[in-house]
Amino acid sequence: MLTVTHPHALRRKRRPVVLAAGFFDGLHLGHLKVIRNALAAAETLGGRTWVLTFDQHPLRVLGHHQAPRLLTSNRHRLELLRRLGVEGVILLPFTRAFAATEPETFVRDLKADIPRLADIHVGNNWHFGKAGRGDGRLLRQLGRDLDIAVSVTRPVLRGGHPVSSTRLRAAVTAGDLDAAATLLGRPFSILGTVKSGRRIGRQLGFPTANLDPHNEVLPATGIYVVEALIGRTRHRAVLYYGRRPSFDATHDQDLELELHVPGLNADLYGRDIEVSFLKRLRGDRRFTNLEALKKQIAADIQLACQASV
């Protein structure tokens, strides 16, 4: 999959270009519907599908106090998009100057930059241009003038309400993994880079990979059954998320993510690992001695390996 930072990179495309536009944080079912509709349209036209998105959430630039915590980092979002089969992503830098662009100018410039732009797919709540004045109706009007087909995708409903990134954030934060999976169509996952740790797990006989998460939304602290994607191989694993109260007496310790993959003996430092949350086994708690902790960790690992999820 190609990644570019400006639409003019598509200027010389010979086949029709179909765009799916949106921020797509989390890549939930509503986002997937927009992108899959674009993929189907591109197949009909004999063209190629590209995703148009931003390098940061607009509210991160325009209203810092209102900016939501992100479900997916750019790197994770790009990887999830790659798996959908799009040809490329236009990852536009979102700046105050860009935000001041009138919606009409934005769409006309888009057509000038991508002469073969044939179709644009957006969600029903997508807004663009200065003050968010552009919406689906204006986009359709501009599309007619510029010979661009426009499709506004209706929201996907779950539990009688539209699937949204806001609902997904709430479900993950509450630790409701089933609700999160329902909104995503897959288990909630994070992407993290393995960093140096204190080697406590190794001292206990259960070596762990300490993860530095790229996203900003995580579930409640505790022990989880997870699936770890390392390279191209998926492993059933156990993840600890907490402050290690058995070792650190204070409550102001940083939260840690520690991944244990049973049977894996590999140097993972510096590698990116995607972790999909399957089931929460228990909450975080303090043990009075190391033997009790080791016994509980062994039980957690056995349960994770046997768990039906």
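The values are calculated or read from the model by the stated rules, or taken from the named source; none is laboratory data. Just so we're clear, the structure is a prediction, and the values are computed from it rather than from any experiment. In this analysis, Cβ positions are derived from the backbone assuming ideal geometry, glycine residues included, and neighbour counts consider all displayed protein chains.
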Where a residue in the range 228-243 is of a type in the set (D, E, K, R) and its partner, wherever it lies, is surrounded by fewer than 24 Cβ atoms within 10 Å (Cβ to Cβ) and at pLDDT 95 or above, with Cβ under 6 Å and at least six apart: Arg234/Glu227
Every residue from the range 268-296 that is assigned to a helix (DSSP H, G or I) and either surrounded by fewer than 16 Cβ atoms within 10 Å (Cβ to Cβ) or modelled with pLDDT of 80 or more (or both): Leu290, Glu291, Ala292, Lys294, Lys295, Gln296
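State the number of residues belonging to the range 79-101 that are basic (Lys, Arg) and either within 16 Å of the chain's Cα centre (by Cα) or surrounded by 15 or more Cβ atoms within 10 Å (Cβ to Cβ) (or both).
We begin by selecting, within the range 79-101, every residue basic (Lys, Arg); these are 82-83, 96.
After this cut, where a residue has to be either within 16 Å of the chain's Cα centre (by Cα) or surrounded by 15 or more Cβ atoms within 10 Å (Cβ to Cβ) (or both) as well, the list is 82-83.
The qualifying residues number 2.
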Cβ-Cβ under 9 Å pairs, at least 6 apart or on other chains, the range 115-136 side farther than 20 Å from Val89 by Cβ, far side aromatic (Phe, Trp, Tyr) and crowded, with 20+ Cβ neighbours inside 10 Å: Gly134/Phe128; Asp135/Phe128
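Table: residues versus (1) touching a residue at least 60 places away in the same chain (Cβ under 8 Å); (2) of a type in the set (A, V, I, L, M).
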| residue | (1), (2) |
| --- | --- |
| Pro7 | yes, no |
| Leu10 | yes, yes |
| Arg14 | yes, no |
| Gly22 | yes, no |
| Gly30 | yes, no |
| Lys33 | yes, no |
| Ala38 | yes, yes |
| Gly46 | no, no |
| Val51 | no, yes |
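Yes or no: the range 31-39 includes at least one residue that is on the phi > 0 side of the Ramachandran plot and either surrounded by fewer than 21 Cβ atoms within 10 Å (Cβ to Cβ) or within 17 Å of the chain's Cα centre (by Cα) (or both). Steps first, answer last, please.
Here is the first cut: in the range 31-39, the ones on the phi > 0 side of the Ramachandran plot are none.
Scanning the range 31-39, I find no residue that is on the phi > 0 side of the Ramachandran plot and either surrounded by fewer than 21 Cβ atoms within 10 Å (Cβ to Cβ) or within 17 Å of the chain's Cα centre (by Cα) (or both), so the answer is no.
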Number of positions in the range 6-36 that are out of contact with any Asp or Glu (no Cβ under 8 Å at 6 or more places or on another chain) and part of a loop (DSSP other than H, G, I, E, B): 11
Check on Ala118, in the same structural domain as Asn37 (by TED's automatic domain parsing), surrounded by 13 or more Cβ atoms within 10 Å (Cβ to Cβ) and modelled with pLDDT under 95: no
Residue within the range 66-76 that is under 26 Å from the mean Cα position of the chain (by Cα), loosely packed, with under 15 Cβ neighbours inside 10 Å, in a helix (DSSP H, G or I) and touching a residue at least 40 places away in the same chain (Cβ under 8 Å) present: yes
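Report yes if Arg83 is among the charged types (D, E, K, R), under 24 Å from Arg169 (Cα atoms) and assigned to a helix (DSSP H, G or I), otherwise no. First the steps, then the outcome.
On the way: among the charged types (D, E, K, R): yes; under 24 Å from Arg169 (Cα atoms): yes; assigned to a helix (DSSP H, G or I): yes.
In short, yes.
Please work out if Gly192 is surrounded by fewer than 21 Cβ atoms within 10 Å (Cβ to Cβ) and either at pLDDT 95 or above or outside the structural domain of Glu256 (by TED's automatic domain parsing) (or both).
Details: surrounded by fewer than 21 Cβ atoms within 10 Å (Cβ to Cβ): no; either at pLDDT 95 or above or outside the structural domain of Glu256 (by TED's automatic domain parsing) (or both): yes.
The answer is no for Gly192.
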Some residue of the range 239-251 being among the hydroxyl-bearing types (Ser, Thr, Tyr) and modelled with pLDDT of 90 or more: yes
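Here is a yes/no grid of residues against (1) loosely packed, with under 13 Cβ neighbours inside 10 Å; (2) over 19 Å from Phe24 (Cβ atoms); (3) at pLDDT 95 or above:
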residue	(1), (2), (3)
Arg108	no, yes, yes
Asp113	no, yes, yes
Asn125	no, no, no
Ala131	yes, yes, no
Gly134	no, no, yes
Leu139	no, no, yes
Leu142	no, yes, yes
Leu157	yes, no, yes
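Among the residues of the range 297-309, which ones are of a type in the set (Gly, Ala, Ser) and assigned to a loop (DSSP other than H, G, I, E, B)? Walk me through it before giving the result.
Our first condition is that a residue be of a type in the set (Gly, Ala, Ser); within the range 297-309, this holds for 298-299, 304, 307-308.
Result: Ala307, Ser308.
In this structure, is Arg82 charged (D, E, K, R), modelled with pLDDT of 95 or more and under 24 Å from Val156 (Cβ atoms)?
Values: charged (D, E, K, R): yes; modelled with pLDDT of 95 or more: yes; under 24 Å from Val156 (Cβ atoms): yes.
Judged against the criteria, Arg82 is a match.
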Members of the range 137-153 that are without any contact (Cβ under 8 Å) to a residue 60 or more places away in the chain and under 24 Å from the mean Cα position of the chain (by Cα): Val152
